[in-house]
Amino acid sequence: NAENSYWQGAAGLRLGYDLGPLITVFIDGDAKYTAYDAASSTLLAYENGRTLTLRAGVSYARDSRISAELSAGRAWYDYDDPTLTDAPSWVVDGSLTLKPDETLSLTGSVETTLAPSSLSAGDIDAGLTATGNLRYALNPWVALRSEASYNRTVALGSGLSSWGYSAGAGIDLTTSRFATWTGDYSFAHDEPATGAATDTHTVTVGVTVHR
């Protein structure tokens, strides 16, 4: 699996301007380089390359109770190998955090990625992932959690796509100042570009020991 292993480095810069005590507009740029450990067995070439992204957006924050950010822009994946085709894509990123009180926390996010394709050899995948999480503390010893996500990947050249979603719930039980027990159940549905859809059920139980 060396062809799926890679090293990655990134750098970014953000310039912002406060429109007031709560709202900030910004321009965000970043560059990321990906170097694979081995050449693709299908392409017989390394898929090394750089991702260049430029976004503009707005953020909002009010105390620790509400924070939100939304940005959109353009990204470009540039292969080092001239025999592979580079491609651009629109990107959207966002996040929202709500903490109305000390017992309740809700978070959500949307992220867009651009990377060498896992669906079509030599192509470039544009991926979109949306997630949501909720945590509610019943009391100092018991907390309930839930989460849901959706993902979709499209190969920009061939148009092949895959998608899926997941949902789950969990509980945190603090039995002493030294130990917290956790229990989780999750369900995931995946629709690959080729082949049959799959459903996965997962149950996990664990304990965290505090000193």
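The values are calculated or read from the model by the stated rules, or taken from the named source; none is laboratory data. As the structure is a prediction and not an experimental result, all values here were calculated from the model. No Cβ is skipped: glycine too gets one built from the backbone with ideal geometry, and neighbour counts run over all protein chains shown. What goes into the accessible areas is simple: the full protein's heavy atoms, side chains included, and nothing from ligands, DNA or RNA. Shrake-Rupley method; radii C 1.70, N 1.55, O 1.52, S 1.80 Å.
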| request: Working carefully through the options Ser71, Ser41, Ser64, Ser59, find the one that is over 24 Å from Tyr6 (Cα atoms) and modelled with pLDDT under 95. | output: Ser64
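What's the total number of residues in region 180-198 that are touching a Phe, Trp or Tyr at 6+ places or on another chain (Cβ under 7 Å) and open to solvent by 40 Å² or more (accessible area, probe 1.4 Å)?
Within region 180-198, the first condition is being touching a Phe, Trp or Tyr at 6+ places or on another chain (Cβ under 7 Å), and the residues that meet it are 189, 191.
Next cut, open to solvent by 40 Å² or more (accessible area, probe 1.4 Å) only: 191.
Qualifying residue count, region 180-198: 1.
Just one of Arg145, Arg135, Arg177 is among the charged types (D, E, K, R), over 30 Å from Tyr46 (Cα atoms), over 17 Å from the mean Cα position of the chain (by Cα) and surrounded by fewer than 13 Cβ atoms within 10 Å (Cβ to Cβ); which is it? Even if it seems obvious, please write down each step before you answer.
Values: Arg145 fails: surrounded by fewer than 13 Cβ atoms within 10 Å (Cβ to Cβ); Arg135 fails: surrounded by fewer than 13 Cβ atoms within 10 Å (Cβ to Cβ).
Only one candidate qualifies: Arg177.
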| task | Might you check whether a residue that is open to solvent by less than 60 Å² (accessible area, probe 1.4 Å) and touching a Pro at 6+ places or on another chain (Cβ under 8 Å) occurs anywhere in region 90-110? | result | no
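Output the residues belonging to region 157-174 that are open to solvent by 60 Å² or more (accessible area, probe 1.4 Å) and under 19 Å from the mean Cα position of the chain (by Cα).
Step one: list which residues in region 157-174 are open to solvent by 60 Å² or more (accessible area, probe 1.4 Å), which gives 157-158, 160, 163, 165, 171, 173.
Once the filter is applied, which keeps residues that are open to solvent by 60 Å² or more (accessible area, probe 1.4 Å) and under 19 Å from the mean Cα position of the chain (by Cα), region 157-174 yields Trp163, Tyr165.
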| said: I'm told Ala72 meets every condition in (1) at positive phi; (2) part of a strand (DSSP E or B) except one. Can you identify the failing condition by its number? | reply: (1)
| said: I'd like the residue in region 168-211 that is in contact with a strand residue (DSSP E or B) (Cβ under 9 Å, 6 or more places away or on another chain) and of a type in the set (D, E, K, R) and, out of all such residues, is farthest from Leu134 (Cα to Cα). | reply: Glu191
